[in-house]
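Undergrad: Shown below is the structure under consideration.
The values are calculated or read from the model by the stated rules, or taken from the named source; none is laboratory data. Source: prediction; values computed, not measured. So basically every Cβ, Gly included, is an ideal-geometry build from the backbone, and we count neighbours across all protein chains shown.
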């Protein structure tokens with residue numbers, strides 16, 4: 001628990017570079033540093049890298065997706081892809097608006113005749129709205145089946161580049177990249193990374 005204090009007391013540093021979890025851990029120790037009068041180093045979050053090889057870059061391009069899309073949650077990305085590539089209108093937004101307007105009119109009429117029925121009408125409005133939402137979900141599900149190949153490719157891309165919904169750098173061994181690219185792998189990283197510049201670095205192999 002107090003390893004950072006021992007570390008900085010014996011071999012003080014101007015800065016500590018680490019990942020997000022490590023930075024959070026050090027911040028939890030800040031009050032302890034102050035208590036013992038030990039200088040607290042500057043904390044710098046290290047760069048994170050996503051490496052997209054030629055094969056996956058081609059798949060990305062073929063699907064009409066951008067690198068930024070990869071950072072979208074998988075099911076959200078799939079839903080957006082289906083809507084963008086469907087020849088049919090999948091949204092019932094206008095129908096929902098019309099239904100809302102209709103029931104608003106009914107409520108106003110009911111108020112003048114029997115105000116006690118307002119709750120009943122509103123409950124029916126909610127039921128009808130839920131029915132429309134259910135139909136909308138079924139429309140999307142049916143359209144997904146028509147794009148099954150592309151959606152499986154999207155899932156495959158996400159799993160390859162963000163294995164287990166985590167960072168590539170936490171799962172893939174650098175040896176796989178080194179055996180494939182040789183020293184140029186390190187040269188590329190050295191050219192792309194700046195330890196003092198925060199951000200997520202994406203390298204696309206072209």
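Undergrad: Quick test of your reading of the structure: residue 17 fulfils all but one of (1) under 30 Å from residue 165 (Cα atoms); (2) modelled with pLDDT of 90 or more; (3) out of contact with any helix residue (DSSP H, G or I) (no Cβ under 6 Å at 6 or more places or on another chain); (4) surrounded by 15 or more Cβ atoms within 10 Å (Cβ to Cβ). Name the failing condition by number.
TA: (2)
Undergrad: Also, quick follow-up: So, in segment 31-55, exactly how many residues are in contact with a strand residue (DSSP E or B) (Cβ under 9 Å, 6 or more places away or on another chain) and in a helix (DSSP H, G or I)?
TA: Residues flagged as in contact with a strand residue (DSSP E or B) (Cβ under 9 Å, 6 or more places away or on another chain) and in a helix (DSSP H, G or I) within segment 31-55 amount to 1.
Undergrad: Report yes if residue 79 is surrounded by fewer than 16 Cβ atoms within 10 Å (Cβ to Cβ) and either in contact (Cβ under 8 Å) with a residue 40 or more places away in the chain or within 28 Å of residue 155 (Cα to Cα) (or both), otherwise no.
TA: no
Undergrad: Name the one entry in 122, 158 that is surrounded by 11 or more Cβ atoms within 10 Å (Cβ to Cβ), part of a helix (DSSP H, G or I) and touching a helix residue (DSSP H, G or I) at 6+ places or on another chain (Cβ under 6 Å).
TA: On the way: 122 fails: touching a helix residue (DSSP H, G or I) at 6+ places or on another chain (Cβ under 6 Å).
None of the others qualify; the one that does is 158.
Undergrad: Then there's this: If a residue has to be surrounded by 13 or more Cβ atoms within 10 Å (Cβ to Cβ) and touching a strand residue (DSSP E or B) at 6+ places or on another chain (Cβ under 9 Å) to count, how many in segment 182-204 make the cut?
TA: Count: 9.
Undergrad: Any residue in segment 142-158 that is in the same structural domain as residue 79 (by TED's automatic domain parsing) sitting within a Cβ distance under 7 Å of a residue that is surrounded by fewer than 13 Cβ atoms within 10 Å (Cβ to Cβ) and modelled with pLDDT under 95? List the pairs, counting only those 6 or more apart or interchain.
TA: Cβ pairs passing all conditions: 143/88.
Undergrad: Quick check: anything in segment 53-76 within 23 Å of the chain's Cα centre (by Cα), farther than 30 Å from residue 180 by Cβ and surrounded by fewer than 16 Cβ atoms within 10 Å (Cβ to Cβ)?
TA: yes
Undergrad: Filter segment 125-151 for residues that are within 20 Å of residue 76 (Cβ to Cβ) and surrounded by 15 or more Cβ atoms within 10 Å (Cβ to Cβ) and give the result.
TA: If the condition is that a residue be within 20 Å of residue 76 (Cβ to Cβ) and surrounded by 15 or more Cβ atoms within 10 Å (Cβ to Cβ), then 136, 139, 140, 143, 144, 147, 150, 151 are the ones that fit.
Undergrad: Can you go through 112, 136, 143 and tell me which one is modelled with pLDDT under 90, part of a helix (DSSP H, G or I) and more than 29 Å from the chain's Cα centre (by Cα)?
TA: 112 is the lone residue from the list that is modelled with pLDDT under 90, part of a helix (DSSP H, G or I) and more than 29 Å from the chain's Cα centre (by Cα).
Undergrad: Are any residues in segment 78-109 touching a helix residue (DSSP H, G or I) at 6+ places or on another chain (Cβ under 6 Å) and outside any helix (DSSP H, G or I), and if so, which ones?
TA: 86, 90, 92
Undergrad: Please work out if residue 70 is under 17 Å from residue 155 (Cα atoms), touching a residue at least 60 places away in the same chain (Cβ under 8 Å) and touching a strand residue (DSSP E or B) at 6+ places or on another chain (Cβ under 9 Å).
TA: It is true that residue 70 is under 17 Å from residue 155 (Cα atoms), touching a residue at least 60 places away in the same chain (Cβ under 8 Å) and touching a strand residue (DSSP E or B) at 6+ places or on another chain (Cβ under 9 Å).
Undergrad: Return the pairs, sorted by first residue and then second, in which the second residue is surrounded by 11 or more Cβ atoms within 10 Å (Cβ to Cβ) and at pLDDT 90 or above, the first residue lies in segment 118-133 and is not assigned by TED's automatic domain parsing to the domain that holds residue 98, the beta carbons are less than 8 Å apart, and the residues are 6+ apart or on different chains.
TA: Close Cβ pairs satisfying both conditions: none exist.
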